[in-house]
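Notes for the one structure printed next.
Read the figures in this text as sums done on the coordinates, not as results from a lab. Quantities reported herein were computed from a predicted structural model and do not represent experimental measurements. With ideal geometry, Cβ positions are generated from the backbone for all residues, glycine too; neighbour counts draw on all protein chains shown.
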């Protein structure tokens, strides 16, 4: 990119970030939003008068995992969509972990403040992996704000989380008493990530070259690995909240769509079926995909979401229906 084009791109990004909240916009666009002193990168598109779907990403990716899906949803004209990168993920700022507490409580508060600044008060949630504990904190804080949820390979039951089922497993021991060797292993893994190239790189997770490059460059920024290690240590607090989140879901009785990549060895298929215990109204779809299904089968997921919305017309009417 030459200097003139770079300046134009910067000017465009600043213009987008300064747009009024919920501005009418059909196409997918990008920008940064200042939230509590941190610049959060976001992607947004669709008619702002349509029902809003907030997409919460997982580890170790960012809103990039939803870009193709969001494009598909915008083209269908059923939804207004928005996704942000958490602090220390994607293109968002990565404040030092000694000044900014990397806990799921703090991340969820930051996302809540982001939505308020963007003028989003009533919305559906699409949650994957880390997005589930972030999203259920939003639901707990204001259940009346949530119109429907979509879960993709993210758990609130141990059924689908084999590595955490044993109270004496390495994960559970780490969460109880932080283990320096676990942090060291995760640090070495992040530092050893390689960008896509012709030789020595394989896309085992089906993430794709573009999302992989962003993941690697974001993860290897100074201080990011320490911040993410803090957040992983805090994950144990999510497991403690599973019973409360299950009870919350039972009480809310909102439309629930569960989409699950069946080739996910970390969050396994029983995790999808377990949602039926708390939300018997849930629709379950097992996909021929992996942990990052939204990157692998975005058109299929967009079609499932469109069909789901068609079976729940009340979601659209919550934000205003025309006269009969």
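Before moving on, here are some points about what is shown:
- GNM flexibility winner over the chain from 116, 77, 185 (Cα, springs under 10 Å): 185
- Counted over all Cα-Cα pairs of the chain, pairs farther apart than 35 Å make up 17 percent.
- Inverse mean reciprocal Cα-Cα distance (Kirkwood Rh) of region 180-253, Å: 14.9
- Virtual spin-label span in nm between residue 181 and residue 317, 7 Å along Cα→Cβ: 6.0
- By average C-beta atoms within 10 angstrom, highest first, the peptides 261-272, 98-109: 261-272, 98-109
- Value of Rg to Rh for region 227-285, rounded to two decimals, is 1.03; Kirkwood radius and Rg both from alpha-carbon coordinates.
- Kirkwood Rh (inverse of mean 1/r, distinct Cα pairs), region 185-324, angstrom: 18.3
- Net lengthening on full extension, residue 266/residue 199 (0.36 nm per residue, minus Cα-Cα): 21.4 nm
- For region 170-194 versus region 225-284, the gap between their alpha-carbon centres in whole angstrom: 22
- Fraction of antiparallel bridges per DSSP, the chain only, in percent to nearest 5: 35
- Base-10 log of normalised Debye intensity for region 259-301 (one unit scatterer per alpha-carbon) at q = 0.19, 0.27, 0.32 Å⁻¹: -0.54, -0.91, -1.07
- Computed FRET value (nearest 0.05) for residue 285 with residue 188, which takes r as the C-beta separation and R₀ as 45 Å: 0.75
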